[in-house]
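After the structure tokens below, expect a handful of questions from me.
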Amino acid sequence: MLLASAVVVWEWLNEHGRWRPYSPAVSHHIEAVIRAGPRAGGSVVLGQVDNRLSPYIIDLQSMHQFRQDTGTIRPVRRSYYDPSSAPGKGVVWEWENDNGTWTPYDMEVGITIQHAYEKQHPWIDLTSIGFCYIIDFSTMGQINRQTQRKRRVRRRLDMVYPLVTGTLPKSQSWPASPGVASTPPAPACTCPQCLLVMSIKAAVAAGSNGGTGATASQLQLQQQLPQPPPRKAVSLSGSTKLPNQASVHKPQDGAATMRSSLKTLASQVSRRQAASTPALTTTGSPASPPSANGKVTRASLNTLNRTNLQRLAIAQSRVLIASGVPTVPVKNLNGSSPVNPALAGITGILMSAAGLPVCLTRPPKLVLHPPPVSKSEIKSIPGISNTCRKTTKKQTKKGKTPEEVLKKYLQKVRHPPDEDCTICMERLSAPSGYKGPQPAIKPDLVGKLSKCGHMYHLHCLVAMYNNGNKDGSLQCPTCKTIYGVKTGTQPPGKMEYHLIPHSLPGHLDCKTIRIIYNIPPGVQGPEHPNPGKSFTARGFPRHCYLPDSERGRKVLKLLLIAWDRRLIFAIGTSSTTGESDTVIWNEIHHKTEFGSNLTGHGYPDPNYLDNVLAELSIQGITEESVAQEKD
């Protein structure tokens, strides 16, 4: 153990074997849950801090991230870094991908780049850490050593990662040189959860070896598991009972009871299946039936079908309940998602070892759409004209130079303060550090935005405007204040909206507003990431729902403005499928589940209307916008 200070970065392992960092905000949230202790439940809901991560939950006991809608499980880790390194200063290095958006480097790479940047090296070769790239600080570019392809890179400031002090594990302390902390293989865990898993494996392994005695490791596991009070016999199914079918059992530990029930149940299941489908051993010959004393071989467990695997998992949970172990809700027993139903039952057993309340339940049903509605039942929305809006290709506007646009929102600063320009990260008192196409403005001029008062090099603001939508609006990169009317790059499509005679969960006192978005595939325009290239439009028409309340209608009016300003959708890379050049949502969340909330995109959700109003406000759409539209 080491006594030190460090910044904590939580990371997850992607499919390419790279540890990817969570954002500083997510890392702070995870640390807050850890500090809350047992009352926090031992799991972290990432959607509470980042709406884009709403399907994800981190189990702090197993150190895994679980995606609820797909069942994908990935390892996570808690890494420690030097407070003087990039994460300790809030510095993030990013590279520009093919869609024109920015992707952060792995923490190891970002720390290495920042270290060279601080040493004022002209460039850094990343070959030493396994990447065939050179970062040129003079041009802020990344060069592939093999293909010579160049990409832009940037350095920006974000929130500082959480700082911890005190005793740190050696395996998670930061290395002497810049880079990621190496984590050697950890010894076998002795927590009740892992002991329970190991005892199940030991019981099955003992059966497959044909032995009757427990090994030293099994005896150790039995000693470490909690000793429950005596219980009465519990019927598992029909006439199946625990061994020694007396009215009262002698005290047994949880592991011994579980092993007995596992063997007995699997033995009976195997006998039933043997009558219809002969089980094969690993050599391909018919497997011998279970012995009279109820011992189960590994081959007999392998022959269990889906139904019997579920029965086995439920039996395991019942045995735990009978032996005094509390239980927790485990859904997905009917195989409604990629997670194996037997695994769902075993998950309940594992969670019960942590002392959580458990009961096996059927999963709620996903209800995406309302009951069928006839045309005569569909009504227009009072106070809102029409039932359909269309958008066409971007209308050409009277051309104004970037300098003319900025002049409306800026005041020149004669004596700039000794602060950083947060666009180029150079001092305001020095010339702009922007190295791209040079605008016709002196690089040392500084301007102050009229509403928020933030200051930047004019050179940097012109470059930022040229890289955006060029719609005559400007958004402060620091506080996101919008100057002018912000528009987006949403491709052409249609938005329908009307009332249906059904109520949403949590809004039973009113009907429902249904919105239907329909955008066809097409070809990207000059404002899109890859002009001239085709784009896809998956999942259309998309159905969304709002309560027909006063606030629900207010949200609809603002969504109509967002649609007209082309801010609902964009073209980019799907965070769900990874597909590029496709239509994606554009930071304004919609509810696409009508009668459930299994994915986090349904009802009831008492905070949704407030949240979406805040998201619309960030896009510059408020009640004042409605008044301006009327004018």
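The values are calculated or read from the model by the stated rules, or taken from the named source; none is laboratory data. Only a predicted model underlies this, so the values are computations on that prediction, with no experimental measurement involved. Quick reminder, even Gly has a Cβ in these numbers, built from the backbone with ideal geometry, and neighbours come from all protein chains shown. Areas reflect the complete protein model, heavy atoms only, side chains present, ligands, DNA and RNA absent. Shrake-Rupley method; radii C 1.70, N 1.55, O 1.52, S 1.80 Å.
For the pair residue 618/residue 25, report the inter-label distance in nm, with labels modelled 7 Å from Cα in the Cβ direction.
In this crude spin-label approximation the distance works out to 0.6 nm.
Here is a further query. So who's got an amide H within less than 5 Å of the one on residue 64, skipping anything under 5 residues away but keeping other chains? H placed 1.01 Å off N, in plane.
Under 5 Å from the amide H of residue 64: 59, 76.
Same structure again: Give me a comma-separated list of calculated 3J(HN,Hα) values for region 521-534, in order, Karplus coefficients 6.51, -1.76, 1.60 applied at θ = phi - 60°, integers in Hz, x for any Gly or Pro.
With the stated coefficients, region 521-534 comes to x, x, 10, 5, x, x, 8, 9, x, 10, x, x, 8, 6 Hz.
Could you go through region 14-24 in sequence order and give the Karplus-derived ³J(HN,Hα) for each residue, using 6.51 cos²θ - 1.76 cosθ + 1.60 with θ = phi - 60°, rounded to whole Hz, and x for Gly and Pro?
In residue order, the calculated couplings are 8, 5, 9, x, 9, 7, 9, x, 6, 5, x Hz.
In what order, largest first, do 111, 618, 441 sit by accessible area if the probe radius is 1.4 Å? Walk me through the numbers before you get to the answer.
Values: 111 10, 618 100, 441 30 Å².
The ranking, largest first, comes out as 618, 441, 111.
Sticking with this structure for a sec: Could you sort 379, 486 by accessible area so the largest value comes first, with the probe set to 1.4 Å?
Details: 379 105, 486 45 Å².
Descending order: 379, 486.
Expressed as a whole number of Å, what is the distance separating the alpha-carbon centroids of region 145-159 and region 568-609?
A separation of 30 Å, based on Cα centres.
While we're here: I'd like the accessible area for residue 557: 1.4 Å probe, protein heavy atoms, all chains in place, Å² to the nearest 10.
80 Å²
Determine ³J(HN,Hα), in whole Hz, for all residues of region 93-99 in sequence, where each value follows from phi through the Karplus function 6.51 cos²θ - 1.76 cosθ + 1.60 and θ = phi - 60°; x replaces Gly and Pro.
3J(HN,Hα) across region 93-99, in whole Hz: 9, 9, 10, 8, 8, 5, 8.
While we're on this one: Going by amide H atoms built from the backbone, whose H comes under 5 Å of the H on residue 91, apart from near neighbours?
HN-HN under 5 Å from residue 91: 158.
To continue, here is another question. Report the gain in length on full extension from residue 440 to residue 523: 0.36 nm times residue separation, minus Cα-Cα distance, nm rounded to one decimal. Show your work: numbers first, answer last.
Working: separation 83, 0.36 × 83 = 29.88 nm, distance 3.27 nm.
Answer, rounded to one decimal: 26.6 nm.
In addition: Please give the solvent-accessible surface of residue 419 in Å², to the nearest 10, using a probe radius of 1.4 Å with every protein chain present.
Counting only protein heavy atoms, residue 419 exposes about 100 Å² to solvent.
Once you have the alpha carbon radius of gyration of region 368-512, what is it after dividing by 2.2 N^0.38 Å, with N set to its residue count?
Working: Rg = 23.2 Å, N = 145, 2.2 N^0.38 = 14.6 Å.
With N residues counted in region 368-512, Rg over 2.2 N^0.38 Å equals 1.59.
Given the pairs 379/486; 407/557; 412/486, which are separated by over 25 angstrom at their Cα positions?
379/486; 407/557
Over region 510-605, what percent of the accessible surface lies on carbon and sulfur atoms, probe 1.4 Å? Provide the component values of the computation, followed by the final result.
Values: 1940 of 3740 Å².
Of all accessible area on region 510-605, carbon and sulfur atoms account for 52 percent.
Now for a different question. Describe numerically, in nm with one decimal, the distance between label points set 7 Å from Cα along Cα→Cβ at residue 77 and at residue 123.
Result for the modelled spin labels: 3.1 nm.
If you don't mind, another one. Can you tell me the accessible area per residue over region 454-601, all protein chains present, probe 1.4 angstrom, in square angstrom?
Numbers: 5670 Å² over 148 residues.
Per-residue accessible area for region 454-601 comes out at 38 Å².
Rounded to the nearest percent, how much of the accessible area of region 385-468 (1.4 Å probe, protein heavy atoms only) is carbon and sulfur?
50 percent
Then there is this: Determine the sum of side-chain charges near residue 140: Lys and Arg each +1, Asp and Glu each -1, restricted to other residues whose C-beta is under 12 angstrom from that of residue 140.
On the way: positive: 150, 151, 152, 154, 155, 156, 435; negative: 94, 96, 136, 426.
Summing Lys and Arg as +1 and Asp and Glu as -1 gives +3.
Points 7 angstrom from Cα along the Cβ direction at residue 466 and residue 136: gap in nanometres?
Distance between label points: 1.8 nm.
Then there is this: Please list the non-local residues whose amide H lies under 5 Å from the amide H of residue 567, H modeled 1.01 Å from N, same-chain partners needing a gap of 5 or more.
488
Send over a whole-number figure in Å² for the accessible area per residue of region 21-119, probe 1.4 Å.
The answer is 43 Å² per residue.
Quick one: divide the alpha-carbon radius of gyration of region 514-631 by 2.2 N^0.38 Å and tell me what you get. List each step's numbers first, then the result.
Details: Rg = 15.2 Å, N = 118, 2.2 N^0.38 = 13.5 Å.
Relative to the rule-of-thumb radius for its length, region 514-631 sits at 1.13.
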